[in-house]
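Notes follow the structure.
The values are calculated or read from the model by the stated rules, or taken from the named source; none is laboratory data. Just so it is clear, the model here is predicted, and its values are computed rather than measured. Glycine gets a Cβ as well: all are built from the backbone with ideal geometry, and neighbour counts include every protein chain shown.
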Amino acid sequence: MPASIFNGSVSVSNPRQAAAALGQYYVATNPTPGTGVLCGTVTGFSATADGLFTISNNNGANGRTIYLDTLALNMSGTAPTATTVMKMAAFLESGIVAPSAGNVAVVPKPLNPTGPSTGAVINGFSSAMCTIPAAVGTRTLVGNWSIPTSIGITGDTYTMLFGADPVNTPGLTAVRATAAANIVAAAPPVTIPPQYTAILDWWWLTQATNGPTFEFQLGYYEF
């Protein structure tokens, strides 16, 4: 296996494994494997009503920075009908921002349990979309991307790779009527300095009244 250099350290493992060994990689997931979390039903962008996650960096002014890496949403419940394209946007705001409704605290964990604790404070959707308060600090749009989902199927996984090169998704065919898939999209890099918050918004262009149930895993570096 070729050597790689990550954060000044030489390793023969891939960057995620190297970061985990150094105590610099963390994940946030739904609490119980096999049990998803009900999401909301939003079919258009809203500055306040379609929050999926907020990720705040509560480290001190000279503390570590958070770099989003991956987000996987696995549809574990009844899939909504009439879906076509999933849309997402990322905002960065100065200050610590938390949703006012439709959310639950998500406790991130280090992949190296002997490493330092994370400075991230994460809130995620819970039986609804997160209600995002009006901006208090400077809120800036830093990402806007989409995933061609076609009709949703129970078992589908929608994977976002932050900072990755563009991903080509083949045209979807009739077999999608029954076959679950891992559909991957490249998202822009999202960097969260100390005392800033990233807001991830999510919506479908078309969606039936029933919301999806997602198991999720958010992975990020912190150094």
**Prompt:** How many residues does region 46-65 hold that are surrounded by fewer than 18 Cβ atoms within 10 Å (Cβ to Cβ), modelled with pLDDT under 95 and either of a type outside the set (Gly, Ala, Ser) or on the phi > 0 side of the Ramachandran plot (or both)?
**Reply:** 2
**Message:** Just to be sure I understand, how many residues within region 73-102 are surrounded by 15 or more Cβ atoms within 10 Å (Cβ to Cβ) and closer than 18 Å to THR197 by Cβ?
**Reply:** 12
**Message:** Anything in region 66-97 that is in contact with a Ser or Thr (Cβ under 6 Å, 6 or more places away or on another chain), over 26 Å from THR157 (Cα atoms) and not acidic (Asp, Glu)? List them, or say none.
**Reply:** SER94, ILE96, VAL97
**Request:** Give the residues of region 103-112 that are more than 15 Å from GLY219 (Cα to Cα) and surrounded by fewer than 20 Cβ atoms within 10 Å (Cβ to Cβ), sorted by residue number.
**Result:** VAL104, ALA105
**Message:** So, ALA179, is that one aliphatic (A, V, I, L, M), modelled with pLDDT under 95 and touching a Leu at 6+ places or on another chain (Cβ under 8 Å) or not?
**Reply:** no
**Request:** Give the residues of region 148-163 that are crowded, with 16+ Cβ neighbours inside 10 Å, under 24 Å from THR35 (Cα atoms) and modelled with pLDDT of 90 or more, sorted by residue number.
**Result:** ASP156, THR157, TYR158, THR159, MET160, LEU161
**Scope region 124-138; condition in contact with a strand residue (DSSP E or B) (Cβ under 7 Å, 6 or more places away or on another chain) and surrounded by fewer than 18 Cβ atoms within 10 Å (Cβ to Cβ); matching residues** = SER127, THR131, ALA135, GLY137, THR138
**Asked** Restricting the search to region 192-210, which residues are in contact with a strand residue (DSSP E or B) (Cβ under 9 Å, 6 or more places away or on another chain) and either crowded, with 20+ Cβ neighbours inside 10 Å or among the basic types (Lys, Arg) (or both)?
**Response** ILE192, TYR196, THR197, ALA198, ILE199, LEU200, ASP201, TRP202, TRP203, TRP204
**Asked** Which ones in region 73-103 are modelled with pLDDT of 95 or more and charged (D, E, K, R)?
**Response** GLU93
**Complete:** Being at pLDDT 95 or above and either exposed (fewer than 15 other Cβ atoms within 10 Å of the Cβ) or closer than 30 Å to LEU22 by Cα (or both) narrows PRO170, PRO189, PRO166 down to just PRO189
